[in-house]
Amino acid sequence: MAAARHRIEVATLTGGSAPDPPRVAWRKQMRQRVLDAARDLTCEAGWDQVSLSAVAARAEVSRPSVYKEFGNRAGLGRALVVRETRQFLTGVADALYPGVPDSHACLQVAILYVLREADSQPLIRAVITAARNGSDSLLPYLTARADPIFDAGQSLVQGWLATRYPHQHTESLEIAADVIVRMTISHLILPADEQHLTARRLATAALKLLQ
């Protein structure tokens, strides 16, 4: 039940599922085409080389339509990263709520899922690879504290910690969740060891804060 609840919470980032009027349906379809085009171009050449004109041409929509939907290039980049990383939150929720009583094992699996997904998802892999070379400007959308991805990830982890450590103060849970998310992202950018070892060590270090 908990995993299903958190999947619903993640899904609310995209809005409801009621049928849309034709104009709204077209706009959503156009938005997805633009984001698909931005993703493909980023994977091919890196975000630094992506322009709104190129995205509009690839998506076969007008440049003004792209501006109207996303505001500017930064708005497009933010929307792209939000969409592509949303599945991380769904996968993390599934890993955190399997009904396994061992908190360390659940957290380790969740962290390992994120590390492995970063390697398997083309866009995230492209962003991280470019960031390691110091050239990609999509990275802030993955790491900024004010970003909804970071906040949603921290909220998910904090909610899970609250179910496992119900007697802990909210502040302690928030700190632990913050550490888990930040350390995981840090190891995405600068891996220090094999992924399964990293996941185990991060889980151990984070949970020690609650002991």
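For region 46-73, which positions are modelled with pLDDT under 85 and small (Gly, Ala, Ser)?
Passing the criteria: only Gly46.
So which of Ala95, Ala110, Ala126 is open to solvent by less than 60 Å² (accessible area, probe 1.4 Å), in a helix (DSSP H, G or I) and over 22 Å from Ala203 (Cα atoms)? Break it down stepwise before answering.
Working: Ala95 fails: over 22 Å from Ala203 (Cα atoms); Ala110 fails: over 22 Å from Ala203 (Cα atoms).
Answer to the selection: Ala126.
Give region 183-211 a look and list any residue that's part of a helix (DSSP H, G or I), without any contact (Cβ under 8 Å) to a residue 60 or more places away in the chain and of a type outside the set (Ser, Thr, Tyr), or say none.
Of region 183-211, the ones part of a helix (DSSP H, G or I) are 183-189, 195-208.
Remaining after also requiring without any contact (Cβ under 8 Å) to a residue 60 or more places away in the chain: 183, 185-186, 197, 201, 205, 208.
Matches in region 183-211: Met183, Ile185, Leu197, Arg201, Ala205, Lys208.
Does region 142-165 contain at least one residue that is open to solvent by less than 10 Å² (accessible area, probe 1.4 Å), assigned to a helix (DSSP H, G or I) and at pLDDT below 80?
Looking for residues that are open to solvent by less than 10 Å² (accessible area, probe 1.4 Å), assigned to a helix (DSSP H, G or I) and at pLDDT below 80, one finds at least one in region 142-165, hence yes.
State which residue pairs qualify: first residue charged (D, E, K, R) and modelled with pLDDT of 85 or more and inside region 90-111, second residue surrounded by fewer than 21 Cβ atoms within 10 Å (Cβ to Cβ) and part of a helix (DSSP H, G or I) in any location, beta carbons under 6 Å apart, and separation of 6 or more residues or different chains.
Asp94/Ala3
Output the residues belonging to region 36-63 that are open to solvent by less than 30 Å² (accessible area, probe 1.4 Å) and either touching a residue at least 40 places away in the same chain (Cβ under 8 Å) or at positive phi (or both).
Passing the criteria: Ala38, Thr42, Gly46, Trp47.
Right, Gln29: modelled with pLDDT of 85 or more and open to solvent by 20 Å² or more (accessible area, probe 1.4 Å) or not?
Numbers: modelled with pLDDT of 85 or more: yes; open to solvent by 20 Å² or more (accessible area, probe 1.4 Å): yes.
When the stated conditions are applied, Gln29 passes them.
The values are calculated or read from the model by the stated rules, or taken from the named source; none is laboratory data. Because the structure is predicted, anything quoted here is derived from the model rather than measured. Methodologically, a virtual Cβ is constructed for each residue, glycine included, from the backbone with ideal geometry; neighbour enumeration extends over all protein chains shown. Heavy atoms of the whole protein, side chains included, go into the accessibility calculation; ligands, DNA and RNA do not. Shrake-Rupley method; radii C 1.70, N 1.55, O 1.52, S 1.80 Å.
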